[in-house]
Structure formats: structure tokens, C-alpha cells
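Chemist: Before we start, here is the structure in question, set down as C-alpha cells.
The values are calculated or read from the model by the stated rules, or taken from the named source; none is laboratory data. All values derive from a computational prediction rather than experimental measurement. Quick reminder, even Gly has a Cβ in these numbers, built from the backbone with ideal geometry, and neighbours come from all protein chains shown. These accessible areas exclude ligands, DNA and RNA; they are computed on the full protein's heavy atoms, side chains included. Shrake-Rupley method; radii C 1.70, N 1.55, O 1.52, S 1.80 Å.
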Amino acid sequence: MKEVIGHKNKISWTTKMLALYFALMPLDFVDLEGIGSVSKIVAILPIICFLLESRGRFSIRGNNTSKWLIAFTVWAVISMAFTININTTWKTVETLLLNVAMILVLADCKLYTKQEKEYLKKALVIGSIIAAVVALVLGLSGNNFYEAGRYTLTLGDVSQDPNMFCGFLLFGFTFFFSNGFIEKPVLNFSLAFLFIGVSLVSGSRGGFLAFIVCAFAVFALSGKEESKSKLFLMALAGIVIGILFLRFALPLIDPDLLSRFSINYIRLNGTTNRFQIWKSLFNSYHHADILRKIIGHGYGTCPMLSYDGMHAAHNVYIDNLLTIGIIGVFLQIGFQISGLKTAIKNHSYYYASLLWGMICMCMSLSLLSYKPLWAVIMMIIIEANSCEEPVYAYKHMKKWQYKY
């Protein structure tokens, strides 16, 4: 006898728990003593629900992006065999394995309905909105404990790094900015520019640049869906909203924070030591033997190779070049390009734009275990694997069957 496993509007518990994880991602800086970060604890819930709902009957579908990601992870694991510090490499590899395992289980082993995919997207946006609102409230009330008055998420005496914080804001910004080219341009573009305002008060230059890259990606990809005349009119509305933002909202921001984005500030204060770090790391790479240039020094060991033995690379590509060599960088770029191709092929322009923004952030931050980046990769795989709506499944079937 047939058993209906889902209706068009049904949201599984796996999806609900994954949505909860997405919404709480901005709290990944909060550690519960002896247990782990909030996001790491919540991440267990969707996996448990999936195992219960699937009754242990599932298979990995092997999306192209997943294959590249698996290859990258395997190479990072192999790097433990030739690392210069096994403890550091194991700790970094362990975090990578947890993130990738979550992606493979929840994105490559489960199919999601159209309603569930929209549900997950809304969860990412809700998390982004909450992060922006809380950061603004804390900053305006004077309860922000981060240096130089930069706005970010703060809880007690711990804070989210403002540069990392901007990555969480990208979900909300990209959502409203892309919607502005479809409907209600005044409302959507206004909300998008509010996120830009929050990124400015965070003082993160790399984060702000990611917003610009995301905006260009959205505009370029919107041309694939909308007519040229409509795109032009919507873009014109966005420009008007942007001018109003510059005229009325920008003057409300602390001039000391805005000065961080000026050419004069960068000339006087530099780029928070990044060029010196990059120079020392390239010098370390130049003097390494040919084998180390190819295979690296072990995943996660980059700070040990900097000029003072403690600074992160502030660039994922340089980090991986030193730690897992040319092979590792090739695999990293491979899964990022595959993710972009997969997203565009499946018309997942929202996630393609986000991935461009995350790639931009990779240029100025060491995002080895950055949850927003992994969330984007996960959703790209989910969009590629999943169907429009579930049909029937028999109790004796080894895996759920969906109509494509």
C-alpha cells in the first residue's frame, strides 16, 4: 500500500532544524563552556532528524560540487601525513570534516521540495536581519565592546569579529537587493541599503567590498531573467535610493568609522598589517623546497609560517598555498568554480551572487571554517539535487523517490 511521504506544503523536521541552524549561525562566536559553540550544538539537530526521518535509508548523489569538495577535504586529511605540526593540522581538519560531513549528509543525501528550499532561504535572511538589528541596537545603546566603536554582535564580554560579521549580513542584503529587480523596488532597495549601512558601521573594508561584488553579481545575473527595459527601470530606482542613502543616512554614521574607508586612512594606517603578512608568507613559500610548494606544510599551519609565527594569512588562497600547496589551491578553486557553474546552471542566482561575495571575502580573510561560506555551498548543492515536489514512496523502498 502506498504511503504519502510529503505534500506540497509539508516541511520536514530535518528542514526545520536546518533552518534553525541557519537562523542561529551568527552566534557561532558564542562558546558554551565544555560543550562547544552554539552553532556546533544546533548543527547536530538536523542530522539527527534526517537519520530518524530517512530511517537510515539514503544514498549520496554525488553532485559535481560535492565531488570537488570531497577531493579538497581528502587532500586536507592527507596533509596530516606531512604536516609540521600534527596537533594544529588535526584541529583544523577536524573542523573541516564536521562542516563537509554536514553538507554531504543534509545536501547530498536528502531531496528538498520547492517550499522547503524557500523555507531555508528565509531562515538565512532572518538570521541576517536579526544579526543586523542586534548589532545596531547594541551599538546605538553604547553596549558594543569591540575596538574603535565598530558595530558587531556582542554577547557579554565576547564579540563577533566585525569582518566575519559582514558575511552574515550578505544573506539579507543579497535577498532584498535581488528582489528589488523583481518587485517593490523602493522597499527592497531601501532595505538592502540599510544592510550596507550596517556593514559601514562595522568598519570592515573587506566586508564592504564583498557587498559591492554581490551587488554587481546580482545586477549581471538579473539580466538573464528580466527584460532589459525592466532591468533599466529597476536599476534607476536603485540608484535613486542609493543617492538618498548617501544624502540622508550616511551623515548619521560616525565620521571616525567612515574614515576607515578613505584612501588617506589606508595610506596612513595601512591594511592592518596584511601586506607585511602576505610578503612574509610569499617569502616562506619562495624559500620552501619544491615538494613543500606542491603539497604544502600541513592544513592549518599557516600562522607558524608568518613573520612572527602567529598571524593568520588573511587570505584563504595564500593560506592554502602554504599549507596544502598548489594541489590544495587547485582543489579549492575547483569547488568554488564548480559551485558557481552549478548555481548558474540551475538558475540559483541568489546563491551564485552570494558565492561571489564569499570569494571576495576569501581575499582578505582566512575563512577556513567560515559557516556562511559552507551554508552557501550547501544550498547550491541542495538546489541542484532537489526536485519541485515529492510524490509517493513505498515503505519497502531503499530511498525516497522524487519526480524531476
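Chemist: Picking from Ile44, Ile11, which residue would you name as being in a loop (DSSP other than H, G, I, E, B), out of contact with any Cys (no Cβ under 6 Å at 6 or more places or on another chain), of a type in the set (Val, Ile, Thr) and at pLDDT below 95?
Modeler: The unique qualifying residue is Ile11.
Chemist: Name the residues in the range 48-87 that are part of a helix (DSSP H, G or I) and either charged (D, E, K, R) or in contact with a His (Cβ under 6 Å, 6 or more places away or on another chain) (or both), would you?
Modeler: Glu53, Lys67
Chemist: Let me ask another. Take the range 256-298 and flag every residue that is over 25 Å from the mean Cα position of the chain (by Cα) and among the β-branched types (Val, Ile, Thr).
Modeler: Listed by number, the residues that qualify are Ile263, Ile266, Ile290, Ile294, Ile295.
Chemist: Continuing with the same structure: Looking at the range 81-92, can you tell me whether even one residue there is modelled with pLDDT under 95 and under 22 Å from the mean Cα position of the chain (by Cα)?
Modeler: yes
Chemist: Within the range 246-337, considering only helices (runs of 4 or more DSSP H) that don't extend past its boundaries, which have at least 2 residues that are open to solvent by less than 60 Å² (accessible area, probe 1.4 Å) and under 21 Å from Gly206 (Cβ atoms)?
Modeler: 255-258, 274-287, 302-305, 316-323
Chemist: Restricting to the range 164-187, name every residue that is open to solvent by less than 10 Å² (accessible area, probe 1.4 Å), closer than 19 Å to Ala123 by Cβ and free of Cβ contacts under 8 Å to residues at least 60 places away in the same chain.
Modeler: If the condition is that a residue be open to solvent by less than 10 Å² (accessible area, probe 1.4 Å), closer than 19 Å to Ala123 by Cβ and free of Cβ contacts under 8 Å to residues at least 60 places away in the same chain, then Leu169, Gly172, Phe173 are the ones that fit.
Chemist: Just to be sure before I move on: is Glu147 modelled with pLDDT of 90 or more and among the acidic types (Asp, Glu) in the structure I sent?
Modeler: Against the criterion (modelled with pLDDT of 90 or more and among the acidic types (Asp, Glu)), Glu147 does not qualify.
Chemist: From the list Arg61, Arg55, exactly one residue is on the phi > 0 side of the Ramachandran plot and either open to solvent by less than 50 Å² (accessible area, probe 1.4 Å) or of a type in the set (D, E, K, R) (or both). Which is it?
Modeler: Arg55
Chemist: Could you go through the range 327-346 and let me know if any residue there is of a type in the set (Phe, Trp, Tyr), more than 19 Å from the chain's Cα centre (by Cα) and closer than 16 Å to Trp68 by Cα.
Modeler: yes
Chemist: Cβ-Cβ below 7 Å, separation at least six or inter-chain, first residue in the range 36-56 and within 12 Å of Val105 (Cα to Cα), second in a loop (DSSP other than H, G, I, E, B): which pairs?
Modeler: Phe50/Lys110
Chemist: OK, next. Which number in (1) open to solvent by less than 60 Å² (accessible area, probe 1.4 Å); (2) under 26 Å from Ser348 (Cα atoms); (3) without any contact (Cβ under 8 Å) to a residue 60 or more places away in the chain; (4) in a helix (DSSP H, G or I) marks the one condition that Ile129 misses?
Modeler: If we test Ile129 against (1) open to solvent by less than 60 Å² (accessible area, probe 1.4 Å); (2) under 26 Å from Ser348 (Cα atoms); (3) without any contact (Cβ under 8 Å) to a residue 60 or more places away in the chain; (4) in a helix (DSSP H, G or I), just (1) comes out false.
Chemist: Given Leu111, Leu136, Leu104, Leu140, which one is among the aliphatic types (A, V, I, L, M) and under 21 Å from Ser39 (Cβ atoms)?
Modeler: That would be Leu104, the only listed residue that is among the aliphatic types (A, V, I, L, M) and under 21 Å from Ser39 (Cβ atoms).
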